[in-house]
Amino acid sequence: MDQNKIGMFISEKRKELNITQEELAELMNVSKNAVSKWERGLNLPDASLMKNLCKILNISLNEFFNGEENNLELSELTKIFEKKNEKIIAVDHVTYKFEPGKLYAIMGHSGSGKSTLLNILGTLDKQTTGEYKINGKETIKLNDNELNYIRRKNVGFIFQNYLLDPNLRSYENVMLPMFVNNEIKKDERKTRALKLLEYVNLENRFNHYPKELSGGEQQRVAIARSLANNPQLIIADEPTGNLDEKNEKIIFEIFRKLANDGKLVIVVSHSDNIVKYADVVLYMKNGRLGVYNEG
Amino acid sequence: MKGNSIYEISYKHLKEKRNIIFSIIIVLLIIVLYITSTIINFALQYQNNINKKSLNARTLIVERGSKTDEELNQISNINHVVLNVSDKYRAQFPVSAEEFDEKDIKGNIVFNPLLINNGIKIINGRTIESDYEILIPEEFYPHVDFNDYGEEVIYLDKIIKGKDLIGKSIKVYSEREHPVKSINQSWSEYDELYNKWIETRTPISLTIVGTYDSSVNLLEKNTCFMSLKMFDNVKSDINGGTASCTQDNICTEEWFKYVDRMIVVDEYKNLDYVKNELNNMNFSYYPVLNFDMGTFKMLVSIPMCVGLIISIISITLIRNFIAKKLYNKRKEIGLLKTLGFDNNQIINIYSKENNIILSTCFIIGFIIYMIIVKTIKYYIYVAAELEYYSMNIEIPFIYILLLIALLLLLSNYILKKKIIKYLSYNVSDLIGDSL
Ligand SMILES: Nc1ncnc2c1ncn2[C@@H]1O[C@H](COP(=O)(O)OP(=O)(O)O)[C@@H](O)[C@H]1O
Ligand SMILES: [Mg+2]
């Protein structure tokens with residue numbers, strides 16, 4: 001959403017609450033002029049003010065930027081693989097709603113259907129039956145172009161084996177998704193990539209090739225890459241499967257930070273340590289999804 | 001990387017090691033294809049010349065030995081013999097044509113007699129009808145020049161369109177009255193005589209009436225034709241001479257005239273028949289062009305077969321190479337799909353990379369080919385006993401372009417087919433290790 005729309009959204013929400021610009025300014029401890037500027041789209045509130053503003057207007061940070069509740073809704077979602085007359089029910093009637101700003105951990109034995117579920121959530125695969133809605137849109141009805149668009153703009157993937165392009169430097173790997181996103185101006189792409197590397201504390205490694213980086217560092221580059229187009233949804237399938245505990249901790253902390261910044265983060269992990277960082281811990285068994293621990 | 005275009009990704013991929021191996025295969029293939037085409041081109045040109053056009057291939061020289069003129073005239077009775085004349089007509093009549101003198105290069109043309117069946121193809125104007133008329137090549141280069149290696153060089157900008165010269169005339173002087181230095185003459189005496197001759201000689205004016213296609217005839221671009229009669233008139237009968245002195249310093253000199261016969265057979269395929277008849281009649285003879293079609297065919301077919309085999313191997317290699325490369329890159333392809341690249345964008349990235357490699361290989365291959373072809377050319381000419389620079393065997397550049405276009409199309413087709421196959425897979429299968 002651009003600055004104008006955010007301005008209109010603030011103005012709308014303020015009017016819903018029946019408060020004037022002056023009152024809002026007072027509550028926020030800023031000048032009335034500042035509020036007026038926000039609403040006319042001339043300026044954005046500072047990051048420090050943003051949280052306070054969301055609290056006052058009773059909206060989530062994500063809503064603030066996207067204007068609508070951004071969530072994933074699964075109902076009776078089922079995925080069946082058919083192999084030589086043999087039916088494998090990888091995902092079995094899963095009904096669940098993922099909400100933004102939260103870090104979800106999915107645990108479970110190998111073969112329980114976690115990856116299959118993530119692939120469907122990331123629109124890399126389609127369910128056999130049931131419904132999957134992204135922001136209220138049914139994915140099964142979308143064509144290839146629309147799915148590409150969703151992957152480009154809304155989803156960031158992180159894989160166990162990082163999948164970095166060995167011919168590209170760190171910042172170039174991070175730039176990769178921006179090539180197909182015209183909303184990011186061409187001259188801003190490199191700067192943005194460097195900023196994202198800073199976000200994962202790799203600013204001093206920006207010019208290195210993947211083979212010159214440790215596994216943990218490579219995974220952080222991959223995380224930065226997944227953030228390139230500022231997606232709402234981050235999906236990570238066993239991101240720390242190849243990493244030691246120290247690196248695992250760094251990665252989990254980044255996921256926590258992302259959730260705090262309003263992203264919806266879903267992490268499949270075999271590591272018990274994820275529990276300390278997750279808002280919600282889910283588990284899968286034989287394709288069924290259950291809630292282990294919430295809040 | 002600036003982030004302007006997806007092709008920046010292709011450029012980055014260029015430095016992969018496997019591309020170097022791929023390039024080497026391609027360069028080899030290109031060179032082999034060029035050379036094979038060159039040889040085929042040469043063979044076709046050459047066969048064409050031998051079978052239909054070249055007079056030399058159908059010409060035998062019959063030595064006089066102890067035979068009389070009457071006996072020699074008998075040769076005309078042999079079937080398929082279409083010409084039986086003095087071997088003088090094999091000689092050439094060089095003329096320093098002042099008409100074509102330029103600041104840095106002198107005019108210089110050579111006359112041949114227009115024998116029957118010379119295989120001359122008139123391009124402009126008409127053929128000779130009177131003795132004072134001549135033919136010149138359509139691409140006329142009335143000069144002779146050699147480089148430091150003794151190779152004949154032609155300055156392309158000095159080639160004249162023969163057509164423009166029709167109606168003009170060229171002055172020539174008969175060689176017959178040309179004074180010959182006798183053995184008792186001093187050089188100064190001879191010079192005096194010579195200069196006097198130069199002053200008093202009368203020019204013969206010959207009119208250009210037509211141009212012929214010199215490219216099909218293996219002829220130099222300064223070779224002109226005059227009538228048999230005029231040739232006889234201007235060309236000296238003396239073929240050479242020797243002088244020998246005794247110990248008492250008494251010297252004798254001996255001048256040779258053209259005494260042998262030049263026999264032309266109607267078609268190349270009848271040459272053996274005529275040779276056989278000549279043997280029966282006890283004549284000794286030798287061919288003008290020592291040409292053996294069998295050897296020639298072998299000479300051409302060996303490189304052709306080798307070229308064909310290497311081409312097939314190379315094309316298979318290219319196919320397998322692309323397939324292997326894309327198999328190794330399946331995760332990369334899968335990744336690009338997860339990042340929201342559409343199918344066309346993914347195909348474009350890889351075909352761009354492929355096209356850059358192929359184009360570069362094409363240029364390198366072409367340079368190497370140019371070096372090799374010089375050597376091959378020499379090998380063919382020497383082996384076939386042809387005059388070194390008398391035929392152009394390089395394949396036309398347009399064929400080279402067609403060849404590379406074909407190669408690009410082929411490899412892009414393979415590439416595209418493979419990528420589409422991978423894109424049809426489930427992304428998670430591509431990224432995982434199940435493939
Ligand atoms: N492409 C596929 N074709 C057939 N069966 C599959 C495919 N992908 C996964 N499966 C099966 O579905 C089940 C769940 O797999 P997966 O989601 O990878 O489990 P997890 O990620 O929890 O280990 C397994 O039994 C697996 O064999
Ligand atoms: Mg898995």
query = Which loop-located chymotrypsin sites (Phe, Trp or Tyr not before Pro) does region B:124-181 contain, where loop means any DSSP state but H, G, I, E or B and the Cβ has at most 10 other Cβ atoms within 10 Å?
reply = B:Tyr149
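Rounded, prolate or oblate: which one fits region A:3-66, using the alpha carbon gyration tensor with axes a ≥ b ≥ c (rounded when a/c is under 1.5, else prolate when a/b beats b/c, else oblate)?
On the way: a/c = 1.21, a/b = 1.13, b/c = 1.08.
Because its axes are fairly even, with a/c under 1.5, region A:3-66 counts as rounded.
By counting other Cβ atoms within 10 Å of each Cβ, how are A:Arg256, A:Arg40 ranked from fewest to most? Provide the component values of the computation, followed by the final result.
Details: A:Arg256 16, A:Arg40 13.
Final ranking by Cβ density, sparse to dense: A:Arg40, A:Arg256.
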inquiry  = I need B:Thr68, A:Thr191 ordered by Cβ neighbour count within 10 Å, fewest first.
reply    = B:Thr68, A:Thr191
ask   = Reported to two decimal places, what Rg/Rh ratio describes region B:124-184 when computed on Cα atoms with Rh from the Kirkwood expression?
value = 1.12
ask   = Within chain B, which cysteines find no other Cys whose Cβ is under 4.7 angstrom from their own?
value = B:Cys224, B:Cys305, B:Cys361
note = Computed on Cα atoms, Rg of region B:119-244 relative to 2.2 N^0.38 Å comes out at 1.29
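Rounded, prolate or oblate: which fits region B:90-131, taking a ≥ b ≥ c as square roots of the Cα gyration tensor eigenvalues, rounded meaning a/c under 1.5, else prolate when a/b beats b/c?
prolate
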query = Using Cα pairs under 8 angstrom and six or more residues apart, how large is the relative contact order of chain A, in percent?
reply = 22 percent
request  = Restrict the search to region A:66-132; then list the GluC sites (Glu not before Pro) that DSSP places in a loop and that have at most 14 other Cβ atoms within 10 Å of their Cβ.
outcome  = A:Glu68, A:Glu69
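How crowded by other chains is A:150-162, given as the mean number of beta carbons from other chains within 10 Å of each beta carbon?
Values: counts 1, 7, 5, 1, 1, 3, 2, 5, 0, 7, 2, 4, 1.
Mean shielding count: 3.
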request  = Project the alpha carbons of region A:72-294 onto their principal axes and report the range along each, largest first, in whole Å.
outcome  = 49, 39, 36
message = Per-residue Cβ counts within 10 Å, from other chains only, averaged over A:175-184: what number is that?
response = 5
request  = Give me Rg over Rh for the protein assembly as shown, both radii from the alpha carbons and Rh done the Kirkwood way, two decimal places.
outcome  = 1.30
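Among B:357-363, A:223-229, how do they line up by average Cβ neighbours within 10 Å per residue, starting with the highest?
On the way: B:357-363: 17.4, A:223-229: 25.6.
Result, highest mean first: A:223-229, B:357-363.
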query = What residue among A:Val174, A:Val267, A:Val30 shows peak mean-square fluctuation when chain A is described by a Gaussian network model with Cα springs under 10 Å?
reply = A:Val30
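Could you tell me what a quarter of the Cα convex hull surface of region A:194-295 works out to, in nm² with one decimal place? Intermediate values should be presented prior to the final figure.
Numbers: hull surface 28.3 nm².
Its average projected convex-hull area is 7.1 nm².
Where Rh is the Kirkwood radius over the Cα pairs of region B:212-286, the temperature 25 °C and the viscosity 0.890 mPa s, what D in µm²/s does Stokes-Einstein return?
Working: Rh = 17.0 Å.
In µm²/s, the coefficient rounds to 145.
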Sequence-separation-based contact order of region B:92-256, relative, with Cα cut under 8 Å and 6+ spacing, percent = 33 percent
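Bear in mind these aren't lab numbers, they're just calculated from the coordinates by the rules spelled out. Bear in mind the structure is a predicted one, so any value in this text is a computation, not a measurement. Quick reminder, even Gly has a Cβ in these numbers, built from the backbone with ideal geometry, and neighbours come from all protein chains shown.
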